[in-house]
């Protein structure tokens, strides 16, 4: 039986026929986790130090090059990278990398729900961080990234709390570096509209709003909303709404002792069979199997 809680961040990215979308948070071996941090070499060295164009629908990535060099292919074009280069990649943006063998540095992956928790609801920072850019990192950024890497690997008490604080610091320093490089806050464009849609989903997903209702609140057509969502994330608006429900189901299965039936009803599913089918379609296994795998991991870790 496949392990549906296994890491779905497929690192085999050589010459895809289409731009692939990858996920990490929510299906990693360390589920649940606050963020993910690994070295540039971990995946790149497996594939000739080259990662083909891909995107992450709901993940924000920050890369810092400590030593070595490479080229980042961002939506604005190719950008040369060298020691102390910082790369900011918001969710949904296509990116690729070609590294000089032996390049050292880190890749930090933050789920969008963490981003929403730590960023202010207004101001320039959210729009500044919504840009794919490569800029020069300073000593403060290097210290923050090293702290994150050490805390991520240490598994110490209060790890989640410390990582959340460090993530907020990282995002603030990245926004500052982008601003210092001349990257002004982006104008109110479709990405802002997408952020408004995501905020509405977060507020009303338990009410099971239709895509038409979300579109009406945003003063656009359902077709426009789905086109916007698909362009930014590779998924339709209805799929994003469904995935928010499934993410809540995963949280409840991981963190609560509620029965599968109770969780399904609380999320608005008509019956346990409907909930199980929807969950299995999204995650790859039933809610009971998902919870069982988490419990086995917890026992093994203890």
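Taken together, the values in this text are just the output of simple stated rules run on the coordinates, not laboratory data. Keep in mind the model is a prediction, meaning the values are calculated, not measured. Using ideal geometry, Cβ is built from the backbone for each residue, glycine included, and neighbour counts are taken over all protein chains shown.
Of note:
- Segments 163-176, 137-150 sorted - mean Cβ within 10 Å per residue, highest first: 163-176, 137-150
- Taking all Cα-Cα distances within the range 190-301, those exceeding 19 Å account for 49%.
- Between residue 277 and residue 181, the modelled label-to-label distance comes to 4.8 nm, taking each label 7 Å out from Cα in the direction of the beta carbon.
- Each peptide in 84-95, 239-250, 212-223 gets a packing score, the mean of other Cβ atoms within 10 Å over its residues, and the list from highest to lowest is 84-95, 239-250, 212-223.
- The range 20-180: translational diffusion in µm²/s, Stokes-Einstein, Kirkwood Rh over Cα pairs, 10 °C, 1.306 mPa s: 101 µm²/s
- Peptide packing for 65-74, 151-160 was compared via the average number of neighbouring C-beta atoms within 10 Å per residue; ordered from the highest value, the list is 65-74, 151-160.
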